[in-house]
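Below: one structure, written as C-alpha cells.
Computed from the coordinates by the stated procedures, all read-outs in this text should not be read as laboratory data. A quick note: this is a predicted structure, and the numbers were derived from the prediction, not measured. Cβ placement follows ideal geometry from the backbone for every residue including glycine, while neighbour counts extend to all protein chains displayed.
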Amino acid sequence: MNGAPATSAHRLRRLTGMPGPTSHSYFSQRLRLHYLDWGNPSAPPLLLIHGNRDHAHNWDWTAERLQDRYHIIAPDLRGHGDSQWSAGSMYAPAEFVYDVAQLVHQQQLAPLRVVAHSLGGNIALRYAGTYPEDVQRLVVIEGWGGIVPGHPRPDAPERMDAWIQTQRSLAARQPRRYATLDDAYQRMLEANPHLSAEKARHLTIHGANQNEDGTYTWKFDNYIHASQVLDLPPEDVRALWRNITCPVLLLAGSESWMRSGGDPAELVAEFADARHAVVGDAGHWVQHDQLDAFLQLIEDFLA
C-alpha cells in the first residue's frame, strides 16, 4: 500500500482548496477522547457520529462535500479510533450518550444537526430524546436495530448471566493481528464488499495501528461487543424516541442485513416527525456505498 495513489478525499481537497480536518481531544469520565474538526466555525454545527468498530475518518467523504456549509465535528467514540479505551470495559450506551453530551456542552455546539450511523445512530437518537431542544435535524443510518417493536427481552437474571459470560469470553479474546497493512486492507475489502478499493484503503490506513512487533491491529476495543447486553428496556428507549421534537430521517440500505429489522411503518410511528427511506444498491454503510445518493437525500433535509 506504500506509494498508493491519493484517495478521492485528498484529490477533492486539492481541487476545492478546502482544508482537511484537524485533530483535537476532550475529556469525558476521565477518558481522553478524540475528534476531528473540519473548520468553518462560523457555519451551523453538524455532528457526525460513526458506528461500531468504525472511526471518525469514516466521514471524510461526507465531510468534504459539506464542509463549505457546516462546521463539522466527527468524534471517535470511546474505545474506537484515536480515543482512549474504557478502563472498566463497560461501554454502556448511556456512557456513549454522555460522551456526546460532553462534547456538545464543552464545544458549545447546540443547537446542532446530527448525522449518525449504526451504533452512532442509536446514541444520537437517545441524545436527541434527552435534549430535544439541542437537535434541529437528525439523520440516522440503520441505527435502530434491536429496539423496534416486538423484540422479546430476557429477564434480568438471564441478562446479567449473559453479560458475565460475554465478559469472560472477551477477557480470553486476543485482537486479531495482521502481518502487513495490506493484509488488513484485504480483510476490510472482504468484510465490506460494497466498498471501493480506494475507500477500503483509506479506512484501513486510518483504522489500524502498528504494534511493537510490526504487526497491525484494528483501532477498537474488543469489549465494545458487550455494550448493549445490560441496556435500557426497549420501552424506555422508545420513550426517548417519542420525546424527539426535530424532524428525523431514517435511512437503510437495500442490501443491508438490517433490512429484516422490522416494519418501517412501525418504526416511523415511534417518532413525532420521521420518515424512512431505502437507498438502492447499498449495504449497511449507506454513506460509503452510495455517497451521491446519500448526500442528495440528506442535503435538503439538513438545510
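Once the other residues with Cβ under 9 Å from the Cβ of Thr217 are scored (Lys, Arg +1; Asp, Glu -1), what is the net sum? Let's see the in-between values first.
Details: positive: Arg176, Arg177, Lys219; negative: none.
Here the count lands on +3.
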Spacing of the two label points (7 Å from each Cα toward its C-beta) at Trp163 and Arg69, in nm: 4.2 nm
Centroid-to-centroid separation of the stretch 209-242 and the stretch 65-126 [C-alpha atoms, Å]: 13 Å
Ranked list, fewest to most other Cβ atoms within 10 Å of each Cβ, for Val139, Val278: Val278, Val139
Most to least packed among 75-81, 238-244 [average Cβ atoms within 10 Å]: 75-81, 238-244
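Give, rounded to the nearest 20 debye, the magnitude of the charge dipole that the stretch 106-233 has about its Cα centre when Lys and Arg contribute +1 at Cβ and Asp and Glu contribute -1 at Cβ. Walk me through the numbers before you get to the answer.
Details: 13 positive and 14 negative charges, 25 e Å.
Here the stretch 106-233 has a charge dipole of around 120 debye.
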Label-point separation, Ala94 to Asp281 (7 Å along Cα→Cβ), nm: 4.5 nm
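As a footprinting exposure proxy, order Met258, Met188, Met160 by other Cβ within 10 Å, with the fewest listed first. Before the final figure, lay out the partial values.
On the way: Met258 17, Met188 20, Met160 13.
Sorted ascending by nearby Cβ count, the order is Met160, Met258, Met188.
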Whole-Å semi-axes of the stretch 185-285's equivalent ellipsoid (Cα gyration tensor): 33, 20, 12
